[in-house]
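The values are calculated or read from the model by the stated rules, or taken from the named source; none is laboratory data. Because the structure is predicted, anything quoted here is derived from the model rather than measured. Here the Cβ positions follow ideal geometry from the backbone for every residue, glycine too, while neighbour counts run over all protein chains shown.
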Amino acid sequence: MRTNPILFTTIQGEIMTNSNQQKIRKWRDSMDRSLASLHFQKIHGRRLSITLKFWISKERLQNRKNDLDNLTKPVLDSLKRIGLIEDDAFIFHLEVSKFPTNEEEEVQLEIKEWGI
């Protein structure tokens, strides 16, 4: 079943994982501000499909670990923290990719209602 996105947005900034506690705060704050600035209705009690596309500097992709699961966790936590989603247990489909870029790092987030 194809559905229109409930939310589509791009968040720019230095993408971090939870492994660096000092830098992750800045990334979390950036995500929270960006998401909170959107006009949205809370997505509670619905099965969700989430697509995340991370655009990370080529240099970082060659020199450091950027595991997809570790990149994903701060984004899902932010969605819950700002109240957009009730719990990530309602995510029934998760698609995550990472790509090299020479531009500013960013994550593209798309949320749809999940249907079979």
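I need every pair where a residue in the range 33-50 that is farther than 16 Å from residue 75 by Cα has its Cβ under 8 Å from the Cβ of a residue that is modelled with pLDDT under 85 and surrounded by fewer than 16 Cβ atoms within 10 Å (Cβ to Cβ), sequence separation at least 6 or different chains.
Correct list of pairs: 47/115.
Mind checking which residues of the range 64-91 are free of Cβ contacts under 8 Å to residues at least 40 places away in the same chain and farther than 15 Å from residue 17 by Cα? Spell out how you get there, then give the answer.
Here is the first cut: in the range 64-91, the ones free of Cβ contacts under 8 Å to residues at least 40 places away in the same chain are 64-65, 68-69, 72, 76, 80, 87-89.
Those that are free of Cβ contacts under 8 Å to residues at least 40 places away in the same chain and farther than 15 Å from residue 17 by Cα: 80, 87, 88, 89.
State all residues of the range 44-53 that are touching an Asp or Glu at 6+ places or on another chain (Cβ under 8 Å) and under 20 Å from residue 11 (Cβ atoms); if no residue qualifies, say none. So that I can check it myself, show each step before the final result.
Keep residues of the range 44-53 that are touching an Asp or Glu at 6+ places or on another chain (Cβ under 8 Å), which gives 44-52.
Matches in the range 44-53: 48, 49, 50, 51, 52.
Does residue 49 qualify as being under 13 Å from residue 6 (Cα atoms) and polar (S, T, N, Q)?
Numbers: under 13 Å from residue 6 (Cα atoms): yes; polar (S, T, N, Q): yes.
So residue 49 fits the description; yes.
Just checking, which of 34, 19 is of a type in the set (Gly, Ala, Ser) and more than 27 Å from residue 114 (Cα to Cα)? Quick ask: steps written out before the conclusion?
Values: 34 fails: more than 27 Å from residue 114 (Cα to Cα).
Sole residue among the options that is of a type in the set (Gly, Ala, Ser) and more than 27 Å from residue 114 (Cα to Cα): 19.
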